[in-house]
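*Asks:* This is the structure, below, for whatever I ask next.
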There are 4 protein chains.
Amino acid sequence: MAGNSFGQALRITTAGESHGGGNVVIIDGMPAGLELSEDDLRHDLARRRPGQSHIVTQRDEADAPEILSGTFEGRTTGTPIAILVRNTDQRSKDYSDIKDLYRPGHADFSYDQKYGFRDYRGGGRSSARETVVRVAAAAVAKKLLAQVCGTRVVAYVMQVGEIRAQIAAADRITEKQVERFSDGTPNIVRCPDENAAKKMIALIERLRKAQDSIGGVAEICVSKPPLGLGEPVFDKLKADFAKALFSLPAVVGVEYGSGFAAATMRGSEHNDIFVSKGGAVKTKTNRHGGMLGGVTTGMPILLRAAVKPTSSLPQKQQTVDRNGKKTFIRTKGRHDPCLLPRFIPMAEAMIALVLADHWVRVNGNRPLP
Amino acid sequence: MAGNSFGQALRITTAGESHGGGNVVIIDGMPAGLELSEDDLRHDLARRRPGQSHIVTQRDEADAPEILSGTFEGRTTGTPIAILVRNTDQRSKDYSDIKDLYRPGHADFSYDQKYGFRDYRGGGRSSARETVVRVAAAAVAKKLLAQVCGTRVVAYVMQVGEIRAQIAAADRITEKQVERFSDGTPNIVRCPDENAAKKMIALIERLRKAQDSIGGVAEICVSKPPLGLGEPVFDKLKADFAKALFSLPAVVGVEYGSGFAAATMRGSEHNDIFVSKGGAVKTKTNRHGGMLGGVTTGMPILLRAAVKPTSSLPQKQQTVDRNGKKTFIRTKGRHDPCLLPRFIPMAEAMIALVLADHWVRVNGNRPLP
Amino acid sequence: MAGNSFGQALRITTAGESHGGGNVVIIDGMPAGLELSEDDLRHDLARRRPGQSHIVTQRDEADAPEILSGTFEGRTTGTPIAILVRNTDQRSKDYSDIKDLYRPGHADFSYDQKYGFRDYRGGGRSSARETVVRVAAAAVAKKLLAQVCGTRVVAYVMQVGEIRAQIAAADRITEKQVERFSDGTPNIVRCPDENAAKKMIALIERLRKAQDSIGGVAEICVSKPPLGLGEPVFDKLKADFAKALFSLPAVVGVEYGSGFAAATMRGSEHNDIFVSKGGAVKTKTNRHGGMLGGVTTGMPILLRAAVKPTSSLPQKQQTVDRNGKKTFIRTKGRHDPCLLPRFIPMAEAMIALVLADHWVRVNGNRPLP
Amino acid sequence: MAGNSFGQALRITTAGESHGGGNVVIIDGMPAGLELSEDDLRHDLARRRPGQSHIVTQRDEADAPEILSGTFEGRTTGTPIAILVRNTDQRSKDYSDIKDLYRPGHADFSYDQKYGFRDYRGGGRSSARETVVRVAAAAVAKKLLAQVCGTRVVAYVMQVGEIRAQIAAADRITEKQVERFSDGTPNIVRCPDENAAKKMIALIERLRKAQDSIGGVAEICVSKPPLGLGEPVFDKLKADFAKALFSLPAVVGVEYGSGFAAATMRGSEHNDIFVSKGGAVKTKTNRHGGMLGGVTTGMPILLRAAVKPTSSLPQKQQTVDRNGKKTFIRTKGRHDPCLLPRFIPMAEAMIALVLADHWVRVNGNRPLP
């Protein structure tokens, strides 16, 4: 009802704010028998972590996860898994002088209207800080998917400002290509088109210096999705993916397959032809993005999410205070000049959670073999 | 779990296929005391009805709704409202020769993989036929919204193929402008830019004759939304809107406010400045589309949905049968050359259902005064 | 939220009142491939039907079910199954003179307080009439259980007034023993202890003539339950069973296994000893009623429900009207002098729905083989 | 789905076992503006705490709650409240020698069947340890109820073995009477009939020395319940109360109002007569236990729960091991010879959670004034 749970058969419930004791997630419905330790969570948490490169926010969080329950002798027990991530680098003072101001592009005003008052420290619950436990929970979901159906979720930056990547075969992009340049150095913008990546990094640096920010587009590819997954009507897989991505801060658009480009296409050019390939039914092309009728066809799932430019800007902006009085604001907190690099693990997380939930819906929650 | 319910505090559950006894919806959670009769449902059902003009499918359904329960002496009682819409024009024979073939762009293959077999008559549950009871339920939701908060949902066609409408002030578009040209004749494409509308109609007619189809974009505007509506994190209003729209057949993209255009924008040009207007806090511009942090700001809500070209084509297309054998198919059923005109009431319906659900979440289900 | 859905993985949603167009249920989550026709529903509907004997209400309902959706060529398709049962014998006039009075023991007053007004015809939604579609839905659930795990649910009358049945081995009682005496004549009270049954029938007849009513206890036995079914903590199987039974009208108590008698027992006499029997672990005795920790042990499940005496009485009773003015009332509708005989199929229905839901939770909703 | 959430509009989700990092609850849906600090939680946690007297288990847990999120400047913010209670007194070795044995009356066998293996330390998730966070969450629910509708939930021990308390007016029993004798000393058995209480304590002590345990009955009274609360059909208030109580370990029976005694009553003696009292409609007697049609009448709500004798016994009991081999077991952990005294705050907790959930369902989750 109040929107802090996600999923049905495999459901996560989260709590926590930017500041305070920490963030916690309870994962309910995970089958018993999955090998799991805190080490499994660290990889994606590190990819999401602030302070990981000079083009992201310099807030420094250790993001050390503690599994409080739900595992025994290195395996999930089938009971709920609680994961706690403490907040450490809390500079509440950064925010105290803006507690009565409405930051442009932020939830300050709408939260005040909804709740009567708000936790103004770092945006409280509206902060992207809350995604830390989504990413932790999704690391478990990814392990499940890998084990039960060999499904892999890989996201990468497709566009930053006007710079667009060229991706030949989305389902062949590996996480390694997203994380590292071919010379082994970190691909801090997470765009596997190296040429575009370098231009993106340069653009983001330029904007950071200009005290500005920039938007972009992420693409998510699911390879080897389970066949026939998704429910008809309201819980079409495309609908649950869209809700999942739009539930992330700053997402302003989602499309799959041909997406908005389909608006200008004829049916005769848009339809993907079914063909027989190695004994299996496939489609010749993949404009349908891996789902028909909201149910997977076995073709790679292709989604894109548009992310708006960071609203927090270190430059002076006009606004009003709680009394409607005109004033000016300059956000002093530490923020990302472009959200996309850290958005990548968040997008993967939400897609993995949807897939794992739908897998459990269909296959039940019996212990893993 | 199987995805045939939508909403939480105000929840609809639907059943029914393209063929068979009919479609039924149960609306649970509607407060007692709302005036309601079957007449209230007819208007939007007529807008959604097949056969209403020469640019939509010629299938002829009476779409006469019967309220089975939940009202007494002309008012809702607070108990569940069941609405039945019988199927009448069922030409099952149209489909029998394609029962073993996979129609390109349709759910035939994915449903077979999911369920082991399928009701092949007219797509069964994957048919847009099931939206008839969504529209009926939403007519009740619209009545609630109008009465309790004066909120209005208006959708219209924004783009068909390359033809784009020019809309000056979305929140001032009335349903009348969408339904009628200024000379009073029916605006059968439902685009309030009359100039564009006429070009769209001509394009759709051309494609129908060419045995082809065309995609497009719909825009939905919510004027006078309740302030502070929406839940943080997973049930952000934008997330529930997106799920709602993506749950409709053929939707391949959703964006709100600046949408995908935000990818190329700077924070300094994207942020909407808060200002005081007549004692109320507003934003000077509305690139944020009426929601910040997933919660309404009171500004008009602006959403767009991309709709793919109809997959059913009367022209010959290559495909495979259930055994993977290559064959050809020509869909003989009656279909829309462009889905957009009939998509308009469906889009309004889903947005109204989300808003009414969120309103009841916050305000509870006490009897209306 | 408004409480008209039941179950999670296999969920039913119902609508309908005592009077009006009819009652409808949507069953969501039933796996594809189960053979199903309207004939499968008639047996239990007939057992629940008013007018079936001289010791139950003489209201005459045809109770002919119509499956509106979710089946094709005699099998479930995996999509929602809607079942409609029309109301036929509606004598609204029976109730019009009591519309402003509060019948003792009825929901009239509490509904008025909740909804502001109510459908006073026959109790509206508070009438046992709404159970007709629960029984129809449960007939489908029973078919699923029989097919996938050979589980059988049998209920019978254990007590009417002071008359208690002697049941030697609950899990060996067959429905036939419940429905028929050993001489083949109908056991209209549904108590398999023939001696007790005859006394019960005589008592009920005596009370009917005295314009009074009597309470009783039903026992439900689940034989061959799936092993390890039930969820820890909130959805313990015992908790879901209790909710299911208490959701039926007139149920005022539920116990399982030793039940309230456990209050006077020592742990050393209450604990059931685990033993090995034919390669399987069993308990020597069954005071635990087939569930430990809310999860099945494989032993027969034993539940009992206490049912209060019918509140509607043809004799004069004191009450107040809507204005709080003292008055008298004599209920003229047709009512059961003892609810137990018709309660039996309702109790079986709710237990079967819980079991089927939990089975689908664990095993998923893949098509049946 | 996996049953670790409870409630709908106000929903709690719990995680944690007897051993491991601790237990955590997330409360979702609590309105903003309720004053709340960790001090508010300590009172009921202390009442539930092991080691509080010589007639309960001597396990020693600090049970110090930490509110991780959802409050700011001493008030709830409307965002989810996470509460963590660490485990401290963990003697895992107590249990290691019984890891392959099935303790009679425990969930060991059924959990093994369900999950394939189990956390055998102290019963894992089946331990009453998990109720610690239910009680913490309910302390918040109780605060809400007291503030918004003056509703009070008081439970007490009604029966231990054959000893039954005499309670004149349930709704006038105060928590103080339950917790203290009239001379101010602690009423360690929590029975407000002092005479009976002393006999109960003596009986429990006798059984503890005899290495045995004893069952009993608790009664819960809700005074000043909101009028018209509860939903018709599946979520009748009585049904949700029953599920709530049965979800607690060791509960084997629940009844309300007249309960099982109704089985022997006539309608003419069972019906409560409506009367007008001080301008309000009341019933002369309260055999209906405060609910009709599952909806409150405003009369005090009266419920009773039967609790079985503790299964863990320090005496030698026969059982089998995981291979079905006959063996003997003597539980060495620290356990309660009678569960009732510590059951009281747990029963209050579950009833308060149900009431608060239903209150939010009807009234919504707007900020408190």
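The values are calculated or read from the model by the stated rules, or taken from the named source; none is laboratory data. Please read all numbers here as calculations on a predicted model, not as lab measurements. Every residue, glycine among them, receives a Cβ derived from its backbone with ideal geometry; neighbour counts consider all protein chains shown. Areas reflect the complete protein model, heavy atoms only, side chains present, ligands, DNA and RNA absent. Shrake-Rupley method; radii C 1.70, N 1.55, O 1.52, S 1.80 Å.
*Asks:* If we restrict to alpha carbons, what Rg and Dmax does segment B:5-363 come to, in Å?
*Replies:* Rg then Dmax for segment B:5-363, in Å: 20.8, 69.
*Asks:* Let me ask another. Per residue in segment A:320-369, which ones lose no less than 30 Å² of accessible surface when going from chain alone to all protein chains (1.4 Å probe)?
*Replies:* Listed by number, the residues meeting the 30 Å² cut-off are A:320, A:324, A:361, A:362, A:363, A:365, A:366, A:367.
*Asks:* Mind checking which of C:178, C:275, C:140 has the largest fluctuation in a GNM of chain C, springs on alpha carbons under 10 Å?
*Replies:* C:275
*Asks:* Nearest 100 Å² is fine: how much accessible area is buried between C and A, summed over both sides, with a 1.4 Å probe?
*Replies:* Rounded to the nearest hundred, the buried surface is 800 Å².
*Asks:* While we're looking at this one, here's another question. Structure shown: which of C:238/D:99; A:142/C:243; D:238/D:284; B:143/B:282 lie over 30 Å apart, alpha-carbon to alpha-carbon?
*Replies:* Details: C:238/D:99 25 Å; A:142/C:243 36 Å; D:238/D:284 21 Å; B:143/B:282 27 Å.
Correct reply: A:142/C:243.
*Asks:* Could you pull the copy-to-copy label distances for residue B:146, with points set 7 Å along Cα to Cβ, in nm to one decimal and sorted shortest first?
*Replies:* Those separations, rounded to one decimal, come out as 4.7, 5.0, 5.6 nm.
*Asks:* Can you sort C:101, D:313 by solvent-accessible area, 1.4 Å probe, largest first? List each step's numbers first, then the result.
*Replies:* Details: C:101 25, D:313 0 Å².
Largest accessible area first, the list is C:101, D:313.
*Asks:* Exactly which GluC sites (Glu not before Pro) in segment A:55-136 are in a DSSP loop and have at most 15 other Cβ atoms within 10 Å? It would help to have the intermediate numbers written out before the result.
*Replies:* Working: sites: A:61, A:66, A:73, A:130; in loops: A:61, A:73.
When the GluC sites (Glu not before Pro) of segment A:55-136 are filtered for loop state and at most 15 Cβ neighbours within 10 Å, A:73 remain.
*Asks:* Now for a separate question. Taking only DSSP H segments of four or more residues, each worth -39500 (n - 2.57), what value at 222 nm results for chain A once the sum is divided by all its residues, to the nearest 500 deg cm²/dmol?
*Replies:* Details: 9 runs with 100 residues, N = 369.
After summing the helix terms and dividing by the residues of chain A, the value is -8000 deg cm²/dmol.
*Asks:* Another question, then. Lysines within cross-link reach of residue D:277: Cα-Cα under 21 Å, excluding same-chain residues under 8 positions apart?
*Replies:* Candidates past the 8-residue exclusion: C:114, C:325, C:326, D:224.
*Asks:* Over the protein assembly as shown, average the accessible area per residue using a 1.4 Å probe and give it in Å², no decimals.
*Replies:* Values: 44850 Å² over 1476 residues.
The answer is 30 Å² per residue.
*Asks:* Shifting gears a bit: Relative to the Cα centre, what is the charge dipole magnitude of segment B:272-353, using +1 at the beta carbon of each Lys and Arg, -1 at the beta carbon of each Asp and Glu, and rounding to the nearest 20 debye?
*Replies:* 460 debye
*Asks:* Sticking with this one: Distances in nm, one decimal, shortest first, from residue A:54 to the same residue in every other copy, taking the label point 7 angstrom along Cα→Cβ.
*Replies:* 6.7, 7.3, 9.9
*Asks:* Cross-link partners among aspartates and glutamates for residue B:308, C-alpha distance below 14 Å, same-chain residues fewer than 8 apart left out?
*Replies:* The qualifying aspartates and glutamates are A:255, A:269, A:272, B:162, B:212, B:336.
*Asks:* Hey, another quick one. With a 10 Å cut-off between alpha carbons and a GNM built on chain D, which of D:58, D:147, D:113 moves the most?
*Replies:* Comparing D:58, D:147, D:113 in a Gaussian network model of chain D, the most mobile one is D:113.
*Asks:* Determine the share of the protein assembly as shown's accessible area contributed by carbon and sulfur atoms, expressed in whole percent, with a 1.4 angstrom probe. Numbers along the way, then the final one.
*Replies:* Values: 21230 of 44850 Å².
In the protein assembly as shown, the share of accessible area belonging to carbon and sulfur is 47 percent.
*Asks:* Residue C:198: which lysines have alpha carbons under 16 Å from its alpha carbon, excluding same-chain residues fewer than 8 sequence positions away?
*Replies:* Candidates past the 8-residue exclusion: nothing left.
*Asks:* Find the centroid of the Cα atoms in segment B:21-45 and in segment C:141-177, then give the distance between the two in whole Å.
*Replies:* 40 Å
*Asks:* Could I ask something else about it? Any idea what the dipole of the protein assembly as shown comes to, in debye rounded to 20, about its Cα centre with Lys/Arg Cβ at +1 and Asp/Glu Cβ at -1? Could you put the intermediate results ahead of the total?
*Replies:* Details: 208 positive and 160 negative charges, 0 e Å.
Roughly 0 debye for the protein assembly as shown.
*Asks:* How many angstrom lie between the C-alpha centres of segment C:104-132 and segment C:188-213?
*Replies:* 28 Å
*Asks:* Amide H to amide H, which residues 5 or more places from residue A:319 or on other chains are under 5 Å from it, using H placed in the peptide plane?
*Replies:* Excluding prolines and chain starts, which carry no amide H, the hits are A:327, A:328, A:329.
*Asks:* Springs between alpha-carbon atoms under 10 Å, Gaussian network over chain C: tell me which of C:287, C:103, C:266 tops the mean-square fluctuations.
*Replies:* Maximum among the listed residues: C:266.
*Asks:* How far is residue A:180 from itself in the other copies, in nm, if each label sits 7 Å out from Cα along the Cα-Cβ line, shortest first?
*Replies:* Label point to label point, same position, other copies: 6.9, 7.0, 7.7 nm.
*Asks:* So, in Å, what gap is there between the alpha-carbon centers of segment D:233-303 and segment A:319-369?
*Replies:* 46 Å
*Asks:* Which of the peptides A:246-252, B:305-311, A:222-228 is most tightly packed, and how do the rest follow, going by the mean number of other Cβ atoms within 10 Å of each residue?
*Replies:* Numbers: A:246-252: 25.1, B:305-311: 27.9, A:222-228: 21.3.
With the highest mean Cβ count within 10 Å placed first, the list reads B:305-311, A:246-252, A:222-228.
*Asks:* How big is D for the protein assembly as shown, in µm² s⁻¹ as a whole number, if Stokes-Einstein is applied with the Kirkwood radius of its Cα pairs at 10 °C and 1.306 mPa s? All intermediate terms of the calculation are to be shown ahead of the outcome.
*Replies:* Values: Rh = 32.8 Å.
Approximately 48 µm²/s, per Stokes-Einstein.
*Asks:* Then there is this: Treat each spin label as a single point 7 Å out from the Cα along the C-beta direction, and report the residue D:42 to residue D:66 distance in nm.
*Replies:* 1.7 nm
*Asks:* Kyte-Doolittle cut-off -1.0, length cut-off 27 Å along the helix's own axis using Cα: show which whole DSSP H helices in chain A pass. Please report the intermediate quantities before stating the final value.
*Replies:* Working: long enough: A:340-363 (34 Å, 0.83).
Going by DSSP H runs, the hits are A:340-363.
*Asks:* A further question follows. Going by the alpha-carbon gyration tensor, a ≥ b ≥ c the square roots of its eigenvalues, is segment D:120-233 rounded (a/c under 1.5) or, if a/c is not under 1.5, prolate (a/b greater than b/c) versus oblate? Walk me through the numbers before you get to the answer.
*Replies:* Working: a/c = 2.02, a/b = 1.27, b/c = 1.59.
Oblate is the answer for segment D:120-233, as a/c is 1.5 or above yet b/c matches or exceeds a/b.
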